[in-house]
1. Condition (residue is modelled with pLDDT of 95 or more, polar (S, T, N, Q) and more than 12 Å from the chain's Cα centre (by Cα)) applied to the stretch 96-119: is it met by at least one residue?
2. So which residues in the stretch 13-48 are polar (S, T, N, Q) and closer than 14 Å to I101 by Cβ, if there are any at all?
3. Quick test for you: out of L19, L9, L5, pick the one residue that is within 27 Å of S127 (Cα to Cα) and either among the small types (G, A, S) or surrounded by fewer than 16 Cβ atoms within 10 Å (Cβ to Cβ) (or both).
4. Six or more apart or on different chains, Cβ atoms under 6 Å: show the pairs whose first residue is in the stretch 112-127 and within 12 Å of A62 (Cβ to Cβ) and whose second is surrounded by fewer than 23 Cβ atoms within 10 Å (Cβ to Cβ) and among the polar types (S, T, N, Q).
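The values are calculated or read from the model by the stated rules, or taken from the named source; none is laboratory data. Computed from a predicted model, the values in this text were never measured in an experiment. Quick reminder, even Gly has a Cβ in these numbers, built from the backbone with ideal geometry, and neighbours come from all protein chains shown.
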Amino acid sequence: MRTGLPEDLPRVSGDRVQLQQVLLNLVLNAAEAMREVPPARRRMAVRATVYEGDDGLWAIVAVEDAGVGFGNAEASRLFEAFYTTKSSGVGMGPSICRSIIDAHGGRLWADANEPRGAVFQFTLPGSES
């Protein structure tokens, strides 16, 4: 696992436990997506960047893996409750994560990671305190 966390990330306000739950869920999902991938190809990165918009500073966090990824048909359903691409999954993790990020004023989405894998990203608004 590699990390890229700049020192100038804005502070964010929120429930620490809920935000930790989001990050942990995304990291565990990425690790599980690479279970069937040969060890030499397994790569995960957790990165954060700063975005300055008209509405202030935002922290953008990305969890990127080189796992099995998902297809176009799956992409539109990834955040539906009880939808899973795993043989033993319940399908609640991404849905709960999106609810948490939404409640914090941010956004959570997923993209394919070319040439393989997935990238899950979320934004959180910077706070003044």
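1. Yes, some residue in the stretch 96-119 is modelled with pLDDT of 95 or more, polar (S, T, N, Q) and more than 12 Å from the chain's Cα centre (by Cα).
2. S13, Q18, Q20, Q21, N25
3. L5
4. Final answer for the pair search is V119/N113.
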